[in-house]
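A.B. asks: One structure coming up, written as structure tokens, with questions to follow.
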Amino acid sequence: MNQPVKGFSKWTKEGKIEWIAQSHFAQPDAAIATFKQYWHPDAALQKKHDEFIENTVSNYFLPLGVAPNFLINNRFYSIPMAIEESSVVAAAAKAAQFWMDRGGFRAEVLSSTKIGHVHFLFHGNSHDLHAAFPTLQPKLLEDTDRLTANMQARGGGILSTRLVDKSADLANYFQLEVRFETKDSMGANFINSCLEQMAKTLKTHLGEERVEVIMCILSNYTPECLVRAEVSCPIDQLSDGSGIAPEEFAAKFFQAVRIAEIEPYRATTHNKGIMNGIDAVILATGNDFRAVEAACHTHASRDGQYRSLTHCTLDGGVFRFWIEIPLALGVVGGLTQLHPLVKTSLEMLGKPNAHELMCIVAASGLAQNFAALRALTTTGIQKGHMKMHLLNILNQLEATEEEKAHFTRFFADKVPHHADVVAAFCAHRGIPIPAVTKTTV
Ligand code: MEV
């Protein structure tokens, strides 16, 4: 059981599965069957998936849902969302529908500059380094010409280079900070290649013995790659169908946002809900959700305290609600060309460029937050969740479609506590209630 293994990466896929099954599972044949059950029957397509990562043994399915009726900058979008959490797609669709009748989302990219660093130690007189830098700058650009030619042809490339002295924080530590425009690509490979070339140039011109390159890497914190999305309407048009007066709803909603602006415990959950909307679109469109998460959370704590990514005002009788976030996205390169569902998702969105995708993703995050706060400040979050909760319990009980319809009607006006659903289900089937039932929360 769980013995170390040598040369695993070199084994065939079958060999890997066999070893895992035999050494980790009480029923190896069942484990092998489960892995293989999720292989794609089209061998060529499966091979593509195998080659996305290393040591692939199977595919891990996530549902791809669609939230229609997103009116963003006067254009309708149906937004693809890859996510496992129930209620997220429904919430996005509901918020989209709500704002569709109130002018929709207005979104704009504030800038799309990305940043990368050569982190190095300078073992010499720092005045020499500062003095040499202006003559070094053109050389840094010249030496990356062959790398940047294509990007320049697309209107992108290197925007600036700067020497940053960090030696007060860490002895001998300097950065070559480089700003990039990468147009429709996320640009990670391009940025890292340029930085590695620049590190060589630094060493060549300043001396191998004086420049100790620690690392060359883009930063996933992209405070200059920013998008803003907003919704607004007169407060008296905020009626949400729950019976609460628009003014009362607006006031509670405003306070909910204020709480997330000043209280990190709440801000974390508040922003998590925003990321429900953001990550799902990021995944569906083949982008890097870890990079986006990292950037958004750094942005949320940029003044030293973790705060809400959304903001709200109620001035002059107008409800205004917006999000401003860093999003470094691409619509070319990487998975966008390789994963058939990513291509399909981008086509569903009308083949957006990177800026349009930034607007769509920001609107999705804002919609998600609006839906969550609307539920939290009016009916409470459990009402919507409980519907899906009931369905999950019924699926666990392997209820038929007829039974699901029956119990959805039966619990329409009741809270479907796990034990009650199991009891009602067993009574309906005329079977005994199991002594221990698994609960889902
Ligand atoms: C659940 O995934 C997300 C919420 O907790 C977000 C929030 O509380 O704002 C509902």
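Residues checked against (1) part of a loop (DSSP other than H, G, I, E, B); (2) charged (D, E, K, R); (3) in contact (Cβ under 8 Å) with a residue 40 or more places away in the chain:
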| residue | (1), (2), (3) |
| --- | --- |
| K94 | no, yes, yes |
| F98 | no, no, yes |
| G103 | yes, no, yes |
| R106 | no, yes, yes |
| S111 | no, no, yes |
| I115 | no, no, yes |
| H119 | no, no, yes |
| A131 | no, no, no |
| P134 | no, no, no |
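A.B. asks: Now for a different question. Which one of these does L62 not meet: (1) surrounded by fewer than 20 Cβ atoms within 10 Å (Cβ to Cβ); (2) within 26 Å of W322 (Cα to Cα); (3) within 16 Å of the ligand (Cβ to nearest atom)?
C.D. replies: It fails just one condition, (2).
A.B. asks: Of all residues in the range 167-219, count the ones that are of a type in the set (F, W, Y) and in contact with an Asp or Glu (Cβ under 9 Å, 6 or more places away or on another chain).
C.D. replies: Matching residues across the range 167-219 total 2.
A.B. asks: Sort out which residues of the range 262-282 are more than 13 Å from the ligand (Cβ to nearest atom) and either in contact with a helix residue (DSSP H, G or I) (Cβ under 8 Å, 6 or more places away or on another chain) or open to solvent by less than 10 Å² (accessible area, probe 1.4 Å) (or both), and write them in order of number.
C.D. replies: Within the range 262-282, V281, I282 qualify.
A.B. asks: Can I ask one more? If L45 satisfies all but one of (1) more than 16 Å from the ligand (Cβ to nearest atom); (2) open to solvent by 70 Å² or more (accessible area, probe 1.4 Å); (3) not in a strand (DSSP E or B), what's the number of the condition it fails?
C.D. replies: (2)
A.B. asks: Could you tell me which residue of the range 353-382 is nearest to the chain's Cα centre (by Cα), considering only residues that are away from the ligand (no atom under 16 Å from the Cβ) and open to solvent by 10 Å² or more (accessible area, probe 1.4 Å)?
C.D. replies: For the range 353-382, the residue satisfying everything is C359.
A.B. asks: Would it be correct to say that Q396 is open to solvent by 50 Å² or more (accessible area, probe 1.4 Å) and under 30 Å from A284 (Cβ atoms)?
C.D. replies: yes
A.B. asks: Follow-up question, since we're still on this one. Would you kindly identify the helices (runs of 4 or more DSSP H) lying entirely within the range 342-424 that contain at least 3 residues that are under 21 Å from I244 (Cα atoms)?
C.D. replies: It comes to 354-377, 382-396.
A.B. asks: Might you let me know whether the range 245-255 holds any residue that is small (G, A, S), within 16 Å of the ligand (Cβ to nearest atom), touching a strand residue (DSSP E or B) at 6+ places or on another chain (Cβ under 7 Å) and at negative phi?
C.D. replies: No.
A.B. asks: Do you know which residues across the range 99-137 are under 20 Å from R228 (Cβ atoms), open to solvent by 20 Å² or more (accessible area, probe 1.4 Å) and not charged (D, E, K, R)?
C.D. replies: M100, G103, V109, L110, S111, I115
A.B. asks: Looking only at the range 430-441, count how many residues are open to solvent by 90 Å² or more (accessible area, probe 1.4 Å) and either in contact with a helix residue (DSSP H, G or I) (Cβ under 6 Å, 6 or more places away or on another chain) or modelled with pLDDT of 95 or more (or both).
C.D. replies: Total meeting the criteria: 2.
The values are calculated or read from the model by the stated rules, or taken from the named source; none is laboratory data. Quick caveat: nothing in here was measured; it's all calculated off a predicted structure. Ideal geometry is used to build each Cβ from the backbone, glycine not excepted, and the neighbour counts take in all protein chains shown. Please note that ligands, DNA and RNA were not included when accessible areas were found on the heavy atoms of the full protein model with its side chains. Shrake-Rupley method; radii C 1.70, N 1.55, O 1.52, S 1.80 Å.
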